[in-house]
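To start, the structure under review is shown below, and the notes come after it.
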Amino acid sequence: MQRINKTLYANIRKYKIEDKVKANELLKLWDKVIADFMPHAVKQTMAIAYEKGVLTIAALSKDIAYQIHLYQKRLIQMLNDLLGKRMVFKIVCEA
């Protein structure tokens with residue numbers, strides 16, 4: 001298994017798709033971060049896109065979108081810490 005992982009990561013670097021893989025991982029990490037930070041918002045939000053440092057979140061209510069806006073810096077820090085790389089600079093929340 002370790003050999004497969006090594007080969008996989010080597011190919012990711014070779015084809016320069018590391019950022020795309022991290023972006024995909026970021027979309028999946030949203031649920032974990034929001035569950036830890038705002039558990040009431042887990043089923044009311046979804047990460048829908050990431051492009052050029054901006055993570056776009058869909059929210060079911062304006063109240064949740066506003067809360068995400070208020071805590072944006074802390075959420076960004078949590079996401080970047082989990083990714084091990086500074087990728088997210090802004091969160092845009094659409095309600």
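The values are calculated or read from the model by the stated rules, or taken from the named source; none is laboratory data. It should be emphasised that the depicted structure is a prediction, and the values quoted were computed from it without experimental measurement. With ideal geometry, Cβ positions are generated from the backbone for all residues, glycine too; neighbour counts draw on all protein chains shown.
Computed values, structure above
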| read-out | value |
| --- | --- |
| Test: residue 28 is exposed (fewer than 15 other Cβ atoms within 10 Å of the Cβ) and either among the basic types (Lys, Arg) or in a helix (DSSP H, G or I) (or both) | yes |
| Close pairs from region 39-55: first on the phi > 0 side of the Ramachandran plot, partner part of a strand (DSSP E or B), Cβ under 7 Å, at least 6 apart | 53/90 |
| Residues satisfying the stated conditions in region 78-91, i.e. out of contact with any helix residue (DSSP H, G or I) (no Cβ under 8 Å at 6 or more places or on another chain) and loosely packed, with under 14 Cβ neighbours inside 10 Å | 81, 84 |
| Filter result for the condition that a residue is touching a Ser or Thr at 6+ places or on another chain (Cβ under 9 Å) and in contact (Cβ under 8 Å) with a residue 12 or more places away in the chain, over 23, 59 | 59 |
| Counted residues, region 48-66 - those being assigned to a helix (DSSP H, G or I) and surrounded by fewer than 19 Cβ atoms within 10 Å (Cβ to Cβ) | 3 |
| Tally of residues being modelled with pLDDT of 80 or more, among the hydrophobic types (A, V, I, L, M, F, W, C) and either farther than 15 Å from residue 82 by Cα or not in a helix (DSSP H, G or I) (or both) across region 1-25 | 0 |
| Checking residue 37 against (1) surrounded by fewer than 13 Cβ atoms within 10 Å (Cβ to Cβ); (2) of a type in the set (Phe, Trp, Tyr); (3) at pLDDT below 95, the condition it does not meet | (1) |
